[in-house]
Structure formats: C-alpha cells, structure tokens
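Worksheet for the structure shown next.
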Amino acid sequence: MITVETDLGTITVAKSVIGNIIKSVIDSFDGKVIISNSKGKITNQLPKLGPKEEYSDVEIELTEEGLLNINIYVILKFGTSIKATTERMITDIRALIKETIAMDVNEIDVTVTGMMSKHIAPRHIEVKG
C-alpha cells in the first residue's frame, strides 16, 4: 500500500492498482513487450505455486515528497525499437497514473533485460524518464 498525506486528507493506493496500470500499458504493445525480473527471466508464465501477480517484479516506491519512483524490467521482441518503445511506455504510464489515481510520478526507469527472437539475448539497457 502507498499512502500519501495531502491537504485534503490521506490517499491510500494499493500497489496492485499501479501494477495494473503498468500492465495495461504493456498490453497495448500487442506482445512486443514482456515484463521480466531484473535478471531477464520471464516469471509470470505457468507459476508453480498458484497465481502470481504480473506486476510483482515491478518496483514501486514513494518518495518523501509523495511522488512515485517506478522500476520496470522488460524483454522486447526482436525488431522492436528500444528508444521508441521505452519512451512511449514512460509517457503512457506517467499519463495513465496521473489520470487514474491523480498521483505524480517522479521517475520511471525501464530496463530492457533482453531481446527475444527464438531465444532471449541478454541486454541491460536503462532508459529513465
């Protein structure tokens, strides 16, 4: 849970809400972007211990100023533009969070952990926005 004190009162938002916002943006890329963990492993496929939240590998922190810092690790399908895709992700996530829960985002870090064709080729490319 993320709790922010404002002049109007206390706002509490579950991290799963922010995770679902991020997931909806990633889903808009029609399978060209896949959430991974920091080591480049796709962790949401066929979980062994029951359902796994798809946003559990997304790091969400609240700054002292009440702003969000978000770290996302992704794998891109081969042929997908890293620059265009990550910039659009950052812009869309920032706008959708502002529109949906009226919170401001301090920084969004998107780390491309790999490129996938038949196999995943490891990468470590960070894009901040």
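Which ones in the stretch 102-129 are exposed (fewer than 14 other Cβ atoms within 10 Å of the Cβ) and over 23 Å from Glu65 (Cβ atoms)? Ser117, Lys118, His119, Ala121, Pro122, His124 - these are the residues of the stretch 102-129 that are exposed (fewer than 14 other Cβ atoms within 10 Å of the Cβ) and over 23 Å from Glu65 (Cβ atoms). Contact map, the stretch 1-25: residues that are under 21 Å from Ile108 (Cα atoms) paired with residues that are aromatic (Phe, Trp, Tyr) and not in a strand (DSSP E or B), Cβ distance under 8 Å, separation 6+ or inter-chain. Pairs shown: Lys15/Tyr55; Ser16/Tyr55; Ile18/Tyr55; Gly19/Tyr55; Asn20/Tyr55; Ile22/Tyr55; Lys23/Tyr55. Can you tell me which residues in the stretch 80-101 are without any contact (Cβ under 8 Å) to a residue 40 or more places away in the chain, more than 15 Å from the chain's Cα centre (by Cα) and open to solvent by 70 Å² or more (accessible area, probe 1.4 Å)? Listed by number, the list holds a single entry, Glu99. In the stretch 1-51, the residue that is modelled with the lowest pLDDT out of those that are farther than 23 Å from Thr113 by Cβ and touching a strand residue (DSSP E or B) at 6+ places or on another chain (Cβ under 7 Å) is Val4. Among residues of the stretch 64-79 being more than 21 Å from Val17 (Cα to Cα) and assigned to a loop (DSSP other than H, G, I, E, B), the one that is least open to solvent (accessible area, probe 1.4 Å) is Gly79.
Do the conditions hold for Lys98, that is, is it under 30 Å from Gly9 (Cα atoms) and modelled with pLDDT of 85 or more?
On the way: under 30 Å from Gly9 (Cα atoms): yes; modelled with pLDDT of 85 or more: yes.
When the stated conditions are applied, Lys98 passes them.
Note on the stretch 101-129: among residues that are of a type in the set (D, E, K, R) and either in contact with a Cys (Cβ under 9 Å, 6 or more places away or on another chain) or assigned to a strand (DSSP E or B) (or both), the one that is modelled with the lowest pLDDT is Arg123.
The residues in the stretch 99-129 that are closer than 17 Å to Ser28 by Cβ and out of contact with any helix residue (DSSP H, G or I) (no Cβ under 7 Å at 6 or more places or on another chain) can be counted, and the count is 1. So which pairs qualify, if the first residue must be in the stretch 40-67 and polar (S, T, N, Q), the second must be part of a strand (DSSP E or B) and modelled with pLDDT of 60 or more, the Cβ gap must be under 6 Å, and the two must be at least 6 apart or on different chains? As it stands, the answer is Thr63/Asn106, since those pairs meet every condition given. Quick check on the stretch 85-94. Is at least one of its residues assigned to a strand (DSSP E or B) and modelled with pLDDT of 90 or more? Scanning the stretch 85-94 turns up no residue that is assigned to a strand (DSSP E or B) and modelled with pLDDT of 90 or more. Can you name the residue in the stretch 1-24 that is over 21 Å from the mean Cα position of the chain (by Cα) and not in a strand (DSSP E or B) and, of all such residues, is surrounded by the fewest Cβ atoms within 10 Å (Cβ to Cβ)? Result: Asp7.
The values are calculated or read from the model by the stated rules, or taken from the named source; none is laboratory data. What you are looking at is a predicted structure, and each value in this text was computed from that prediction instead of being measured. Neighbour counts run over all protein chains shown; Cβ positions are idealised from the backbone, glycine included. With ligands, DNA and RNA removed, areas are computed over all heavy atoms of the protein, side chains included. Shrake-Rupley method; radii C 1.70, N 1.55, O 1.52, S 1.80 Å.
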